[in-house]
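For reference, the structure discussed in these notes is given below.
The values are calculated or read from the model by the stated rules, or taken from the named source; none is laboratory data. Just so it is clear, the model here is predicted, and its values are computed rather than measured. FYI the Cβ positions are ideal-geometry reconstructions off the backbone, even for glycines, and counts take in every protein chain you see. We work out accessible area using only protein heavy atoms, side chains counted, and drop any ligands, DNA or RNA first. Shrake-Rupley method; radii C 1.70, N 1.55, O 1.52, S 1.80 Å.
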Amino acid sequence: MVLEMKVPSPGESITEVEIAEWLVQDGDYVEKDQAIAEVDSDKATLELPAEESGTITLKAEEGDAVAVGEVVCLIDTSAAKPEGDSAAAPAVKEEAKEESVKVEASKPAEVKKETYASGTPSPAAKKILDEKGIDPTAVSGSGRDGRITKEDAVKAVPSMGSPTGGSRGESRSKLSMLRRKVAERLVAAKNETAMLTTFNEVDMSPIFELRKQYKETFKEKHGVSLGFMSFFTKAVVRALELYPAVNSMIDGKEMLSYDFCDISIAVSGPKGLMVPVIRNAENLTFRGVEAEVKRLAIRAREGEITVDEMTGGTFTITNGGVFGSMLSTPIINPPQSAILGMHNIVERPIAKDGQVVIAPIMYVALSYDHRIIDGKESVGFLVAVKEALESPEELLMDGNVKKALEL
């Protein structure tokens, strides 16, 4: 019996996936539930397991875009599992390959015919080359008798300067479906929103003191570190409650507002940027936020994140500080209307109580869609975040640190 394996649906609204990598070869014997391929959707990379045991026949190539429900391979379930070492098969293939090379080598080389037209651009091609400032003699023509076609001219690129004797190699690789989708969304965010960014600075001294005093006890009791993300998430939740317009998005001619806070956390994964979501962050404790951040980050970096875990989100936090960024203008994660950018923490001189002191300072940035968020809301929101981070015991912990940290 031959089983047709079809592409399963990774989630709602996804109609197409891309074969990122086959983990088996055509003709291999596979076991039931064995991972046979990795497929990219526009939101995540997923493994495709074999539905039954048998010999596999591949029906799609790596890099092919296939529709959900399309047959990508066949499994002959009646095939017997091979016994012993099957290394002989590859050896036969290699011998055949070598024989093929010998046959090809025995053929006389094709002599390319040179005529007066060789290297001569067509009128359309000449115009394009002139606009690019490219010498026709530097372009190889693909037309009849070596003539330079319009397509050749369009593909031609200017010289990168005179060689200096060093390596000047280049390579091309196809963008994954996830990377292409992220690119489309980022361009859409720039083109379809009235995006502005406002900035502020935060004195991180109070949080440093709290972490210094309680981080070891916190980790021993809860099994997770007391990081900065829980403080920022709690500060953002408080600010969203004060300024609900920031927790909204445009839906046609209407503004859709939420009474819950699903906080997206930008994570750099092996396949590109991923944004898993912390659901109902307003109901989580410091321990709950840290545990969820750790769980989602690990799943994203190991490629195990699901589409459902990245769908939705009402506000995003991104931390460029882990890579050393001092300041940036984060780009909105559509259809959301705002994103908070964290940055690195640097000791800087600041004025405090009339004295110049050195303090750990972080610059923060809020990019927002000015179509529904006014300057008053955006600046007020960022100030509320700053206030909460500079007075965490009072504004985030209700004056009881141990109770808030569940110690």
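Among (1) buried (at least 17 other Cβ atoms within 10 Å of the Cβ); (2) of a type in the set (Lys, Arg); (3) touching a residue at least 60 places away in the same chain (Cβ under 8 Å), there is one condition Arg299 misses while meeting the rest; what is its number?
Among (1) buried (at least 17 other Cβ atoms within 10 Å of the Cβ); (2) of a type in the set (Lys, Arg); (3) touching a residue at least 60 places away in the same chain (Cβ under 8 Å), the lone unmet condition for Arg299 is (3).
Of the residues in segment 16-45, how many are open to solvent by less than 10 Å² (accessible area, probe 1.4 Å) and either free of Cβ contacts under 8 Å to residues at least 40 places away in the same chain or among the hydrophobic types (A, V, I, L, M, F, W, C) (or both)?
Final tally of qualifying residues: 6.
Quick one: which residue in Glu70, Glu52 is closer than 14 Å to Val7 by Cβ and either modelled with pLDDT of 85 or more or within 31 Å of the chain's Cα centre (by Cα) (or both)?
Just a single option satisfies the conditions, and that option is Glu70.
Identify the single condition in (1) aliphatic (A, V, I, L, M); (2) open to solvent by 10 Å² or more (accessible area, probe 1.4 Å); (3) in contact with a strand residue (DSSP E or B) (Cβ under 9 Å, 6 or more places away or on another chain) that Leu407 does not satisfy, given that it satisfies every other one.
The number of the failed condition is (3).
Out of the residues in segment 165-180 that are open to solvent by less than 30 Å² (accessible area, probe 1.4 Å) and part of a helix (DSSP H, G or I), which is nearest to Pro392 (Cα to Cα)? Steps first, please.
Within segment 165-180, the subset open to solvent by less than 30 Å² (accessible area, probe 1.4 Å) is 176-178.
In the following step, the residues that additionally are part of a helix (DSSP H, G or I) were identified as 177-178.
Working: Met177: 41, Leu178: 38 Å.
Once the filter is applied, the top-ranked residue is Leu178.
What pairs can you find where one residue is in segment 385-400 and more than 14 Å from Ala239 (Cα to Cα), the other is among the aliphatic types (A, V, I, L, M) and surrounded by 12 or more Cβ atoms within 10 Å (Cβ to Cβ), and their Cβ atoms are less than 6 Å apart, with a gap of 6+ or different chains?
Glu393/Val401; Met397/Ala404
What are the residues in segment 181-228 that are touching a Gly at 6+ places or on another chain (Cβ under 9 Å), assigned to a helix (DSSP H, G or I) and under 20 Å from Met342 (Cα atoms), if any?
Passing the criteria: Arg211, Phe228.
Is it the case, given these coordinates, that Leu296 is among the aliphatic types (A, V, I, L, M) and modelled with pLDDT under 95?
Criteria met by Leu296.
Yes or no: Arg211 within 28 Å of Asn400 (Cα to Cα) and open to solvent by 30 Å² or more (accessible area, probe 1.4 Å)? Spell out the reasoning first.
Values: within 28 Å of Asn400 (Cα to Cα): yes; open to solvent by 30 Å² or more (accessible area, probe 1.4 Å): yes.
Against the criterion (within 28 Å of Asn400 (Cα to Cα) and open to solvent by 30 Å² or more (accessible area, probe 1.4 Å)), Arg211 qualifies.
On the given criteria, is Ile332 under 19 Å from the mean Cα position of the chain (by Cα), open to solvent by less than 40 Å² (accessible area, probe 1.4 Å) and not basic (Lys, Arg)?
Criteria met by Ile332.
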